[in-house]
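Novice: Would you mind keeping the following structure in view while I ask a few things?
The values are calculated or read from the model by the stated rules, or taken from the named source; none is laboratory data. All values derive from a computational prediction rather than experimental measurement. Here the Cβ positions follow ideal geometry from the backbone for every residue, glycine too, while neighbour counts run over all protein chains shown. Just so you know, the surface numbers come from the protein's heavy atoms only, side chains and all, with ligands and any DNA or RNA stripped out. Shrake-Rupley method; radii C 1.70, N 1.55, O 1.52, S 1.80 Å.
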Amino acid sequence: MHGPTDRNRCRSPGPTARAPQPQRNCCHLPVRETRRSHFGTFGDWHGASGWALTAIRSAAREGVRTAIHVGDFGLDWPGAKRGRYEAKLNKYLMDLGVTLVVSGGNHDNWDTIEKLVVEDDGLATIRSNIQVLPRGGRTVIDGLIIGGLGGAFSVDYQYRVEGKDWWPNEEPTRQEAEALIAGGPVDILITHDAPEGVPLKGDFQLSEELTEKANKTRRLLREVVDALAVPHLFCGHWHQRRIHELSHPTGMVTRVDVLNMENSRHGNGVLVWPGKAPLRIEPLEIRDLQVPASSR
């Protein structure tokens, strides 16, 4: 897996991605004005630059100018090639006029993410066309309030090396969840793990102890979903495509879209049209198109 080194915008003073401001009314956030058309949302890429470029190209072909990534992007992955992934992808995004907003997963560098400065639009910038939605934070895209509560538990953490391919701060905290709830309703919630109640099939046979640890984040996400009665939630992590509805006592429903990982031609990305809930959501076909020479 690749990962980027970047010259982060660490300006001071200013709020950080570690500590979003729970009292901020998101309606005061500047709105990212695209063309009031649809935007893209993607599942895990794990630093696979070839697939990432193809996915972005496929979205741009459909008129997308803003895309959201639900985590396991492969952000700032340490190693000899650190920084090449983001640099390559950012140049491609610039060429296509697309901005990518990333909400971290458990396979993203949380030490880097938490040092980023959150700007007035609720986002942090790691590259000119790659921004980060902090946990517990929110932004506005095409008139929709987008909340973020990324991260998840790595069930194989015992076989990973802290600071190289695992970070102990990978999971969302209760403080971050409470900050998100305190900010008021959101139209879309971006998470990495799926909330409790969404039926999924795991890749591993886990011990009772690991299962309990993994479910901690899922229960926290469900608390947030219930508290805010979020109309739409997009997540990844489980490497499968699922759509499930969670019902609330008020009669409201949360549509949960679990997105598949890289190399899933019809399951890794969707197109989302702004408007009133329920939103129009359609699969994005990710086709293997030629990458322009200037972006290789």
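Here is a yes/no grid of residues against (1) open to solvent by 60 Å² or more (accessible area, probe 1.4 Å); (2) closer than 27 Å to residue 144 by Cα; (3) among the aromatic types (Phe, Trp, Tyr); (4) in contact with a Ser or Thr (Cβ under 6 Å, 6 or more places away or on another chain):
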{"residue": "192", "(1), (2), (3), (4)": "no, yes, no, no"}
{"residue": "198", "(1), (2), (3), (4)": "no, yes, no, no"}
{"residue": "232", "(1), (2), (3), (4)": "no, yes, no, no"}
{"residue": "260", "(1), (2), (3), (4)": "no, yes, no, no"}
{"residue": "266", "(1), (2), (3), (4)": "yes, yes, no, no"}
{"residue": "270", "(1), (2), (3), (4)": "no, yes, no, yes"}
{"residue": "278", "(1), (2), (3), (4)": "yes, yes, no, no"}
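Novice: Taking segment 243-279 as the region of interest, how many residues are more than 22 Å from residue 63 (Cβ to Cβ), part of a loop (DSSP other than H, G, I, E, B), at pLDDT 95 or above and polar (S, T, N, Q)?
Specialist: Of the residues in segment 243-279, 2 are more than 22 Å from residue 63 (Cβ to Cβ), part of a loop (DSSP other than H, G, I, E, B), at pLDDT 95 or above and polar (S, T, N, Q).
Novice: Of the conditions (1) among the polar types (S, T, N, Q); (2) open to solvent by 90 Å² or more (accessible area, probe 1.4 Å); (3) touching a helix residue (DSSP H, G or I) at 6+ places or on another chain (Cβ under 7 Å), residue 250 satisfies every one except a single condition; which number is it?
Specialist: Checking residue 250 against (1) among the polar types (S, T, N, Q); (2) open to solvent by 90 Å² or more (accessible area, probe 1.4 Å); (3) touching a helix residue (DSSP H, G or I) at 6+ places or on another chain (Cβ under 7 Å), the one that fails is (3).
Novice: Say whether the condition of being of a type in the set (Lys, Arg), farther than 24 Å from residue 108 by Cβ and either modelled with pLDDT under 95 or open to solvent by 50 Å² or more (accessible area, probe 1.4 Å) (or both) is met by at least one residue in segment 210-228.
Specialist: If we filter segment 210-228 for residues that are of a type in the set (Lys, Arg), which is where we start, we get 213, 216, 218-219, 222.
With farther than 24 Å from residue 108 by Cβ added as a condition, the list becomes none.
Among the residues of segment 210-228, not one is of a type in the set (Lys, Arg), farther than 24 Å from residue 108 by Cβ and either modelled with pLDDT under 95 or open to solvent by 50 Å² or more (accessible area, probe 1.4 Å) (or both), which makes the answer no.
Novice: Next up: Looking only at segment 80-115, filter to residues that are open to solvent by 10 Å² or more (accessible area, probe 1.4 Å) and among the hydroxyl-bearing types (Ser, Thr, Tyr); which one of those is nearest to the chain's Cα centre (by Cα)?
Specialist: 99
Novice: Additional query: Identify, please: which residue in segment 280-296 is at pLDDT 95 or above and part of a loop (DSSP other than H, G, I, E, B) and is, among those, most open to solvent (accessible area, probe 1.4 Å)?
Specialist: At the first step, the residues of segment 280-296 found to be at pLDDT 95 or above are 280-286.
Subsequent filtering for residues that are part of a loop (DSSP other than H, G, I, E, B) retains 284-286.
On the way: 284: 3, 285: 65, 286: 5 Å².
Here the answer is 285.
Novice: From the list 161, 155, exactly one residue is on the phi < 0 side of the Ramachandran plot, touching a residue at least 12 places away in the same chain (Cβ under 8 Å) and of a type in the set (A, V, I, L, M). Which is it? Give the steps one after another, and end with the answer.
Specialist: On the way: 161 fails: touching a residue at least 12 places away in the same chain (Cβ under 8 Å).
Only one candidate qualifies: 155.
Novice: OK, next. Out of all the residues in segment 32-68, which are modelled with pLDDT of 95 or more, among the acidic types (Asp, Glu) and open to solvent by 10 Å² or more (accessible area, probe 1.4 Å)?
Specialist: Of everything in segment 32-68, just one residue is modelled with pLDDT of 95 or more, among the acidic types (Asp, Glu) and open to solvent by 10 Å² or more (accessible area, probe 1.4 Å), namely 62.
Novice: Right, next: Out of 150, 184, 143, 122, I need the residue that is in contact with a helix residue (DSSP H, G or I) (Cβ under 9 Å, 6 or more places away or on another chain), open to solvent by 10 Å² or more (accessible area, probe 1.4 Å) and among the small types (Gly, Ala, Ser). Which one?
Specialist: On the way: 150 fails: open to solvent by 10 Å² or more (accessible area, probe 1.4 Å); 143 fails: in contact with a helix residue (DSSP H, G or I) (Cβ under 9 Å, 6 or more places away or on another chain); 122 fails: open to solvent by 10 Å² or more (accessible area, probe 1.4 Å).
Exactly one of 150, 184, 143, 122 is in contact with a helix residue (DSSP H, G or I) (Cβ under 9 Å, 6 or more places away or on another chain), open to solvent by 10 Å² or more (accessible area, probe 1.4 Å) and among the small types (Gly, Ala, Ser), namely 184.
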